[in-house]
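Okay, so here's the structure we're looking at.
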Amino acid sequence: MNTERINELRKEWEAEEKIAHIHGWDFSHIHDRYEEEDDLPWDYKKIIDEYLLPDMKLMDFDTGGGEFLLSLGHPYKNTAATEGYAPNVELCKETLLPLGIDFKPCSDESNIPFADSSFDIMINRHGSFDPVEARRLLKPEGIFITQQVGSKNDRDLVEMVLPDVPMPFPDLELSIQRKRFEDAGFEIIQADEVFKPIRFFNIGAFVWFAHIIEWEFPGFSVEKCFDELLKMQEVIDRDGFVEGTIHRYLIVAKKNS
């Protein structure tokens with residue numbers, strides 16, 4: 001790779017680094033430069049729909065910007081949500097509160113500001129959770145539904161640029177979390193786990209992604225990881241993409257009465 005191209009790539013990647021931010025959970029900035037295989041063996045929304053009735057009290061913990069919650073079309077008067085990430089908290093205040101959704105800022109999954117036995121169903125997608133606190137908040141035989149990012153998510157990509165970074169959440173494995181729910185007094189209704197590919201066709205998109213998912217790529221920067229990024233670029237030049245692996249798991253659990 002000649003010096004001129006290396007300098008061009010550096011400028012391109014540094015430009016992506018400067019603009020890396022997110023509104024809600026919107027990856028449209030890179031949507032045509034990467035793909036994440038989303039044909040999971042379960043349909044999270046469909047599973048929720050199987051249990052959710054209009055008169056049920058629903059709570060979404062770590063709702064992000066509220067986009068998925070609103071897609072459920074549940075009556076707003078029977079809907080509650082929390083979020084802890086400051087930019088998304090403000091977004092939720094602007095979008096959810098005017099609808100009559102009971103939104104409360106919260107970043108502590110073990111201390112959620114709602115009363116005991118408040119909800120028929122609690123949902124959580126890619127956020128934090130505490131089975132003991134979930135049991136407190138659910139009514140007898142209430143349902144907790146979560147789709148989670150597993151501990152091995154993107155690890156092959158992380159190791160390409162930050163080989164010595166430890167796994168941030170090593171206990172996010174289905175077997176470990178399933179036992180946590182059982183120990184907290186839940187019956188497991190459904191559980192599944194899957195690994196699928198994620199591909200980047202452009203390293204600038206990867207730079208943006210790595211900054212957004214900062215908990216997986218701590219300390220990442222173009223300057224620090226430039227040589228490793230060049231190696232990834234060589235893979236793209238040869239194969240058309242660089243590939244990693246996503247890790248997802250699902251738990252549907254019922255509170256024992």
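The values are calculated or read from the model by the stated rules, or taken from the named source; none is laboratory data. Bear in mind the structure is a predicted one, so any value in this text is a computation, not a measurement. Glycine gets a Cβ as well: all are built from the backbone with ideal geometry, and neighbour counts include every protein chain shown.
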Would you be able to say whether some residue in segment 229-252 is free of Cβ contacts under 8 Å to residues at least 12 places away in the same chain, in a helix (DSSP H, G or I), closer than 19 Å to Arg155 by Cα and hydrophobic (A, V, I, L, M, F, W, C)? yes
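Could you identify the single residue in Glu17, Glu36 that is within 19 Å of Gly204 (Cα to Cα), under 18 Å from the mean Cα position of the chain (by Cα) and not hydrophobic (A, V, I, L, M, F, W, C)?
Values: Glu17 fails: under 18 Å from the mean Cα position of the chain (by Cα).
Going through Glu17, Glu36 in turn, the sole match is Glu36.
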Which condition breaks for Ile213 when tested against (1) modelled with pLDDT under 95; (2) exposed (fewer than 15 other Cβ atoms within 10 Å of the Cβ)? (2)
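Results for (1) out of contact with any strand residue (DSSP E or B) (no Cβ under 9 Å at 6 or more places or on another chain); (2) touching a residue at least 40 places away in the same chain (Cβ under 8 Å); (3) not small (Gly, Ala, Ser), shown as yes or no for each residue.
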{"residue": "Asn88", "(1), (2), (3)": "yes, yes, yes"}
{"residue": "Leu99", "(1), (2), (3)": "no, no, yes"}
{"residue": "Phe129", "(1), (2), (3)": "no, yes, yes"}
{"residue": "Pro140", "(1), (2), (3)": "no, yes, yes"}
{"residue": "Glu159", "(1), (2), (3)": "yes, no, yes"}
{"residue": "Asp164", "(1), (2), (3)": "yes, no, yes"}
{"residue": "Phe181", "(1), (2), (3)": "no, yes, yes"}
Any idea which of Leu58, Leu72, Leu91 is more than 27 Å from Arg180 (Cα to Cα) and at pLDDT 95 or above? Leu72
Within segment 198-221, take every residue that is out of contact with any Lys or Arg (no Cβ under 7 Å at 6 or more places or on another chain) and of a type in the set (A, V, I, L, M) and give me the one that is farthest from Leu162 (Cα to Cα). Ile198
